[in-house]
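Enquirer: Before I ask anything, let me first share the structure, which is written out below as structure tokens.
The values are calculated or read from the model by the stated rules, or taken from the named source; none is laboratory data. For clarity, every value in this text was computed on a predicted model and none was experimentally measured. Every residue, glycine as well, gets a Cβ built from its backbone with ideal geometry; the counts of neighbours run over all protein chains shown.
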Amino acid sequence: MPLALSPRRALRLLSLVATAALLAVPGLMGQEARGPRERSIYVTVTGEDGRPVTGLPPSAFVVREDGRRREVLSAAPATEPATLALMVDNSTASEPFIADIRRGLEALVERMGGKHPMAVTTIGDRPTIVQDYTLVKESLLKGVRRIFPVPGSAAYFVDGVAALSRGLIARDFERAFILAILTEGPEFSDRRHSDTLPLLRESGAALEALVINTPGGPDLGDDAARSRSIILDRGTGETGGDRIDLLTSMAVGDALAAFAARVEGQYKVIYARPDSLIPPEKIEVSMARPGLTARGTPARGSR
């Protein structure tokens, strides 16, 4: 004889059966049922003249994760402070250029100090913190004015990238830059690119490099110099930064002003990622419009 159930008990039984069915499918209750999540990427857009392009709509951006296109939800000017780790080559090779470097950095601090946390580190002889992160403009200016070449020294750029990356990993921020001003003199770092690039990627910072070219270029005859070259190539490209080669130190001031304009003109692009337990290995951003170039750095926690 069939068991008779009241309408209320029948509805409750159906609910229990439906819940059990969901739990029987791995990940359905905890994953697919939640739908896509929002992720953010900071994007610098430049035109054919190299200048920042602002005022673009969300439809102008194309975001892909491991080759799969994602839906762009919004694109707006980035308003979050940018943590700026300034790295200066003050090895012996920098001596003819230090005065121009200091003048350029003073102008950068005057423009961006007080709004963005900044620190100053030199890499002649060894990585040395001249001024730790601060918003106090006068402290930063004093630090910049204490930059002088170290006689008989080589540069430790690779070691400096590793040290600054470790420091940034411990800090709380959404967007950050390591900005290096370098010469092409000898490199004596103990670390190599193979163990420094992972630290740089983990830091979440974009590596930007201004390289003052010298006759003959860098000496790539040893491992340290080759590691520096690889980081300047892959480290900038893989983190959403850029390498700018300068023919003269007198161009440092203009290059730093252009860097500041790019930071101030960045977009925060928000897109949808299908919920997944496995984060993407590669996040790329490009432009739907011809003639525009995009470089993107995922916001901290968006990988």
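Enquirer: Would you be able to tell me the number of residues in segment 155-173 that are crowded, with 20+ Cβ neighbours inside 10 Å and in a loop (DSSP other than H, G, I, E, B)?
Expert: Looking only at that region, the number is 1.
Enquirer: State yes or no: is E138 over 20 Å from the mean Cα position of the chain (by Cα), outside the structural domain of I283 (by TED's automatic domain parsing) and buried (at least 19 other Cβ atoms within 10 Å of the Cβ)?
Expert: For E138, the condition - over 20 Å from the mean Cα position of the chain (by Cα), outside the structural domain of I283 (by TED's automatic domain parsing) and buried (at least 19 other Cβ atoms within 10 Å of the Cβ) - is not met.
Enquirer: Still on this structure: Out of segment 45-90, which residues are out of contact with any strand residue (DSSP E or B) (no Cβ under 7 Å at 6 or more places or on another chain), of a type outside the set (D, E) and over 13 Å from A294 (Cα atoms)?
Expert: Selection gives G55, S59, G67, R68, T79, P81.
Enquirer: Going residue by residue through segment 89-105, is there one that turns out to be of a type outside the set (S, T, N, Q), closer than 27 Å to Y42 by Cα and surrounded by 21 or more Cβ atoms within 10 Å (Cβ to Cβ)?
Expert: yes
Enquirer: Looking at T121, T128, T134, which is the one that is in contact with a Leu (Cβ under 9 Å, 6 or more places away or on another chain) and within 25 Å of R192 (Cα to Cα)?
Expert: T121
Enquirer: Please name all residue pairs, on different chains or six or more residues apart, with Cβ atoms under 6 Å, provided the first residue is in segment 153-166 and is outside the structural domain of D190 (by TED's automatic domain parsing) and the second residue is surrounded by 24 or more Cβ atoms within 10 Å (Cβ to Cβ) and in a helix (DSSP H, G or I).
Expert: Close Cβ pairs satisfying both conditions: none exist.
This table checks each residue for (1) buried (at least 17 other Cβ atoms within 10 Å of the Cβ); (2) at pLDDT 95 or above; (3) assigned to a helix (DSSP H, G or I); (4) in contact with an Asp or Glu (Cβ under 6 Å, 6 or more places away or on another chain).
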| site | (1), (2), (3), (4) |
| --- | --- |
| A180 | yes, yes, no, no |
| E202 | no, yes, yes, no |
| D219 | no, no, no, no |
| S227 | yes, yes, yes, no |
| A257 | no, yes, yes, no |
| V263 | yes, yes, yes, no |
| P279 | no, no, no, no |
